[in-house]
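Throughout, read-outs are computed from the coordinates displayed, never taken from laboratory work. The model shown is predicted, which means the values in this text are computed figures rather than measured ones. Here the Cβ positions follow ideal geometry from the backbone for every residue, glycine too, while neighbour counts run over all protein chains shown.
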Amino acid sequence: MRKIALCIILFSAILFNVPEVKAVGDKCPTDAVCLDNPLNVDSPQKLIGVIIRGALGVVGSIALAVFVYGGYTWMLSGGNAEMVQRGKLTFFYATVGLIIIFSAYAITKFVLADLLGLG
């Protein structure tokens with residue numbers, strides 16, 4: 001019971017003593033905390049665009065790793081037809097996955113930016 005009361009007291013002390021947070025563009029009063037905007041976005045749409053571009057970078061890195069794995073499998077097959085086929089299929093599926101992902105991005109960008117004018 002003591003722990004719960006202590007947690008409630010600490011939580012309320014933190015909750016009611018939070019300083020005001022302002023962006024740097026505004027004039028910063030002395031009693032407020034001023035923060036920079038590290039992402040340089042001013043709307044949710046731009047934030048989503050930044051997230052999507054970052055995700056595509058991660059997808060490209062994963063695709064590179066899959067291509068390396070496919071090449072590794074193929075080169076170390078030692079003439080085993082099954083391992084050669086596994087390496088070729090790894091290359092094929094990685095390529096198909098990249099095509100699907102980038103096509104989906106291009107179609108979405110075309111629809112939103114060019115057709116609907118939300119660019």
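First check a/c for the range 61-119, with a ≥ b ≥ c the square roots of the eigenvalues of its C-alpha gyration tensor; if it is under 1.5, answer rounded, and if not, answer prolate when a/b is larger than b/c or oblate otherwise.
Verdict is prolate for the range 61-119.
Couplings 3J(HN,Hα) of the range 94-99, computed from phi: 5, 5, 4, x, 5, 4 Hz, in residue order, whole Hz [Karplus 6.51 cos²θ - 1.76 cosθ + 1.60, θ = phi - 60°; x for Gly and Pro].
Taking label points 7 Å from Cα along the Cα-to-Cβ direction, Val41 and Arg53 give a separation of 1.0 nm.
A crude spin-label estimate for the pair Val68 and Glu82, with each label 7 Å from Cα along the Cβ direction, gives 2.7 nm.
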